[in-house]
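So the structure is just underneath, and the comments pick up after that.
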Amino acid sequence: MWCSQIQSVTVYIADGSCQSNTDGMTSFVATISVDNQATLVKYSDAFCGSVNTSTSVDNVGNDTFGANCVWGSTCSSSDASSCSKRFSVGGLGGSRSMASKAVMVYDDNYCDEPPVQLVVTNQMACSSPVSPTCSATSTGANTVYEDYTCIDDVAAFAAFQFGNAPYLIVENFVNGTKCGTQQSAVVYRADEGCYYNVVDGTSFRIFPNVGGSVTIATYPTSSCNDYEADYVTVGAKYLNTDECFNGMLRLHANMTGLLSPVKQTPSTEIDYKAREEIMFPGWLWEPAPRRVFESS
């Protein structure tokens, strides 16, 4: 019978942050999502840079103590036919108040400009760093700089981070809940610039449109060539409202600065005089000459 004879037990803290193992050479990240999915990612280095294995188990933590048995696929190839693992979740007694971890992504190594992205995930617990990190992360040919903290309000945190810079908040909800159960959120810088997307490795540009809609352009490379772009336009009815876009997204935009009307330079007195002379020339007002009519 699977998961009937215990050989060993390992307990992982599931706060969503990078934790070093006792060997000092490897690390892990364990998370529990709002839709009761537990994920354990193991890394072959001490700073959660190189993924070794990743295991996800659904429907855990429905009670104070939940358990799932997974066999074969979670074991090494040498013993896959004769081993199993049980994934259990504890410490969920009482109210399940969620914490949110926000990763700020920058394209400068000082992390002092408005970020390119904010990636927010809901977790069972979150621990903020003692001091800002601003660590470099390389993904292929792209290098970005990251810092993170714990937050409780995505909209307020985005407003604080971006300041006067335009941005777009995309809240992602569990599919099938009609925007009822939030899963994560990503905040994009929306100043029409080309930026790398750390979520899926693409690049993006975001444009506001007259009438209140927003167009999101996605590119496969960092060059942001228009002929490679895929465009999605979100109508104004889905922005800054409770309307659910595509059944699983809510969007909030702060892009008014990009559509501010251009101020017209006031016309000078000379301009008015010139216009008056064109529209109402002097001869129009000259009296008609006297005429003499002779009849025979």
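List of remarks:
- Filtered by the rule that a residue be in contact with a Cys (Cβ under 6 Å, 6 or more places away or on another chain) and under 25 Å from ILE32 (Cα atoms), region 142-195 gives ASP147, CYS150, PHE173, LYS178, CYS179.
- Test: residue in region 216-231 that is in contact with a Gly (Cβ under 6 Å, 6 or more places away or on another chain) and either in contact (Cβ under 8 Å) with a residue 24 or more places away in the chain or of a type in the set (A, V, I, L, M, F, W, C) (or both): no
- When the residues of region 33-49 are filtered to those that are modelled with pLDDT of 80 or more and either among the charged types (D, E, K, R) or under 25 Å from SER135 (Cα atoms) (or both), the one that is surrounded by the fewest Cβ atoms within 10 Å (Cβ to Cβ) is SER44.
- Among the residues of region 170-201, the ones that are touching an Asp or Glu at 6+ places or on another chain (Cβ under 9 Å) and of a type outside the set (A, V, I, L, M, F, W, C) come to 7 in all.
- Selection count, region 147-175, where residues are closer than 25 Å to MET248 by Cα, free of Cβ contacts under 8 Å to residues at least 40 places away in the same chain and not charged (D, E, K, R): 1
- Residue match in region 134-146 (condition: modelled with pLDDT under 90, of a type outside the set (Phe, Trp, Tyr) and under 21 Å from MET248 (Cα atoms)): no
- Near pairs, Cβ below 6 angstrom, 6+ apart or cross-chain, from region 239-266 (assigned by TED's automatic domain parsing to the domain that holds THR177 and surrounded by 12 or more Cβ atoms within 10 Å (Cβ to Cβ)) to any residue that is modelled with pLDDT of 60 or more and among the basic types (Lys, Arg): GLU243/LYS237; CYS244/LYS178
- Summed over region 8-18, the residues that are at pLDDT 75 or above and either surrounded by fewer than 16 Cβ atoms within 10 Å (Cβ to Cβ) or not hydrophobic (A, V, I, L, M, F, W, C) (or both) give a count of 6.
- Taking the conditions (1) modelled with pLDDT under 75; (2) of a type outside the set (S, T, N, Q); (3) within 32 Å of the chain's Cα centre (by Cα) in turn, PHE28 satisfies each one other than (1).
The values are calculated or read from the model by the stated rules, or taken from the named source; none is laboratory data. In this text, all values refer to a predicted model and were calculated from it rather than measured experimentally. Every residue, glycine as well, gets a Cβ built from its backbone with ideal geometry; the counts of neighbours run over all protein chains shown.
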